[in-house]
Every structure is written in structure tokens, then in C-alpha cells.
Amino acid sequence: MRNDYRTRILPNAAAIDAAQWNRLAAAAAGRERAQPFLRHEFFDALERSGCVGSHTGWQVQHLLVHDRAGPAAIVPLYRKSHSYGEYVFDWAWADAWQRSGRRYYPKWLVAVPFTPVPGVRIAARDATAQRAAIDALLALARGSALSSLHVLFPPAAEAALLREAGLLLRHGVQFHWRNDAYPDFDAFLATLAQPKRKKIRAERRRVTEAGVRIRRLHGTGIRESDWRFFVRCYEATYAAHLSTPYLNQEFFERIGETMPEHLLLVVAERDAKPIASALFVHDEERLYGRYWGAIADVPMLHFELCYYQAIEIAIALRLRIVEGGAQGEHKLARGFEAVPTTSAHWLAEPAFADAVERYLAHEDLRVGDYLDELRERSPYRAGASPEG
């Protein structure tokens, strides 16, 4: 390995000092502070709360690269026994692999569990250490009996390095809102085509006329009772879809204790009683819309809490982007725009890798056409898009 680097597999985030982990994550992104979802506190909360671990199909195998000077790179790595909670869907690959008589699971996965937020995945102190970590990751994959390695939502520069190392790139679509230094929500509305402005005003008016009032709670202002209510709402969303939530109350309370500066809880009340809530994570640049739920049915309340409140908050905090996450073309009509995402994949079986590469070439064409179609449906007046 380059420059006498050595590697270790860590059974949990607690096996490395939090400050060392966060320094590497910040350095790799060229920032003073690590992105919230890349912070040691976030991974540690997932593990201590039992949301990830061998019993959930997420066996922690964080890859640490170090030299005489200490930790040089950290990679959030999992030995994964299914494909849930990833948001880059490879179920068809797994089915084809298994129909050929092979085992697709377990597989190697580099990701932030349950969180389709693009960001650093090979957190290294410099370019040399980053390449050493990629070498170590591939050596681990090739030396194992596992079917594949997947790196989800890396930034463009990191994806390019992974492609140079032999991984295949796959592209997808998310929806983000961009802040054009708007002084207030009305200034944002003024950039939209008239039918879109009218629709948004009507939707917000329906929520107000239903007697709903909104409270915003920042960080340390979120009380234990607020967390209990939020988790009740969060679980209700999964129950409505006949599904099981990935996260639990202990996880949310832990991040509330360890990284409160990144959290903002919005609570909707009617007749002085809470009926819905949405939790946002933010840093100095972006607001991430991630979790929401309601215990009462109020038309348009989802749009108000998850989109319009997010936009108002971003304007107030002078944040550049609201990441609305994957899926949901309905976000277009509310000022969000389609942006491409990337994941990187290595497959152990050469013939299968060739077939996947051909598939991805065709999929890229479809994704490109889809992005063009979505951009043609922009809600902004001609020349008024925040992208210019």
C-alpha cells in the first residue's frame, strides 16, 4: 500500500476517537466542520441505538487507514445481507445473480445508512491517503468471497477516482431547491410561473384556514416530550405504508444530545395540540429534509411542513440548498429542481460486471432523457431559475 499505510477493520465507530473521525470527514470535504451525516456522532448514534448492527443486516466494518502520523482515512463500511435502506436499487442485480446459482448477499456497502444524501464517502486527510483508502477498499473486496462492492452517493470528484479504480458509475435523480439570496418567501414565489404561485398560496392558505399553527424548535430547545411526539409521527408514516421504521427514539434522542446544533424540529399544532412534525438537519450550507409524520389528516400539511417550511427556514438561515431527497416529481411544482446523483459499483464476476456495464449505459440514456424532461417542466418563469 502507498506510503506504508496500514488498514484496520473497526467493529464500531466507538473504536476511533470522534475528533479524529470528524477531522478526516471535514478535511475530505474541504470544510471546517464535517457534514452532519458524516459526523462520528451520527454513526455512533446509529450503532448504540441498535438501528444498525449484525442483527439488522448492517454489520459494521468501518475501514481505517493509518500511518505513523495516525488515522489517514476512514470509510463507513458495512457487510450487508440485504438491500433495504439504500435508495440505490440493486434488487434486479441480486435476483439475476442468485438465479445463476450464486449468492449475492452478503455484499460490501459504503454508505450512510438510511440516508440518500450525497457527500464524502472516502474521508481522507489528503489525496494520497484517499487513493490509499480506495486501494484498500478494493483489495478487501477482491480478497473476500463477497459478490460486490457499492459506494452510494459520493461527490463527483470522488466518483471520478472510483471510476479510475475500475468501479462502474450509476446515475440517478434527486430534487433540490436552490436559494437565490431571496430576502423572504414572497421573493421566491415571484420567480415562479403564475399558476405555480397561485397553487402554493392556495395550499398554504388551506393549512392556515384549518387552524394549524407552526412552531420551530432549534437544537437544545427540543425537549424529551417533543422527541416522543416526533417519533410517534415518524412511526405513523411507516405504519401508513405497512412498513417498519429504520430509526428509533433512542437514535433521535442521541443525536439531539450530541449534535443539536444541526437539528431543527417543526411542529404543527391545532387547538394547541400537536398533530404533525418534521425534523430537519442542517449545516452552514444546506438544509436536509429527512423525517416527518402526522397523527391527524389535514390537507396540504405535508407540503407545508416538508417543503414550504424548509424553504422559509433556508431563506432565514441563508442556506444555499434544500435537499428534498429522492423521488417525488410533485416537488417540481413547489420550486425544487432535478439534479443528478452518482453511485459506484464493483462486481466480482467479470461476465456479470460486463452485463451490468451494458445495462448502465442504457440506463444512463434514460436518466439523461428524464432529467431533460424534468428541466423542461421547470416551475420558474423564463430566466428566473436560481440556476440562471
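Miscellaneous remarks
- Counting only Cβ charges, +1 for Lys and Arg and -1 for Asp and Glu, the dipole size of region 193-245 around its Cα centre is about 560 debye.
- Per residue, in Å², the accessible surface of region 245-388 once ligands and nucleic acids are set aside, probe 1.4 Å: 43
- Accessible surface, region 43-157, averaged per residue in Å² (probe 1.4 Å): 35
- Sequence ranges 279-286, 325-332, 336-343, ranked by mean other-Cβ count within 10 angstrom, highest first: 336-343, 279-286, 325-332
- Computed from the Cβ-Cβ distance with R0 of 56 Å, the FRET efficiency linking HIS362 to ARG33 stands at 0.90.
- Net charge dipole size for the chain [Lys, Arg +1 and Asp, Glu -1 on Cβ; Debye, nearest 20]: 260
- Scalar couplings 3J(HN,Hα) for region 268-277, obtained by applying the Karplus form with A = 6.51, B = -1.76, C = 1.60 to θ = phi - 60°, are 9, 10, 9, 6, 6, 10, x, 10, 6, 7 Hz; x denotes Gly and Pro.
- Taking the C-alpha atoms only, the angle from helix 350-376 to the longest principal axis of the chain is near 20 degrees.
- Listed values for region 46-52 are Karplus-derived 3J(HN,Hα) couplings in whole Hz (6.51 cos²θ - 1.76 cosθ + 1.60, θ = phi - 60°), namely 4, 6, 5, 7, x, 5, 10, and x replaces Gly and Pro.
- Accessible area, probe 1.4 Å, largest first, for residues SER100, SER54, SER148: SER54, SER100, SER148
- Within the accessible area of the chain, the carbon and sulfur atoms contribute 49%, probe 1.4 Å, all protein chains present.
- Rounded to the nearest whole Hz, the Karplus-based 3J(HN,Hα) values (6.51 cos²θ - 1.76 cosθ + 1.60, θ = phi - 60°) of region 21-29 follow the sequence 4, 5, 5, 5, 5, 6, 4, 5, 8, with x at glycine and proline.
- 0 to 90° range, to nearest 10: angle between helix 224-240 axis and the chain longest Cα axis: 80
- With the highest mean first, a sort of the peptides 204-214, 223-233 on other beta-carbon atoms found within 10 angstrom per residue produces 223-233, 204-214.
- Angle between the chain longest axis and helix 249-258 axis [Cα atoms, degrees, rounded to 10]: 90
- Heavy-atom accessible area order for PHE114, PHE303, largest first, 1.4 Å probe: PHE303, PHE114
The values are calculated or read from the model by the stated rules, or taken from the named source; none is laboratory data. Here the structure is a predicted model, which is why all the values come from computation and not from measurement. So basically every Cβ, Gly included, is an ideal-geometry build from the backbone, and we count neighbours across all protein chains shown. When the accessible area is computed, the model is the full protein with side chains, heavy atoms only, and any ligands, DNA or RNA have been set aside. Shrake-Rupley method; radii C 1.70, N 1.55, O 1.52, S 1.80 Å.
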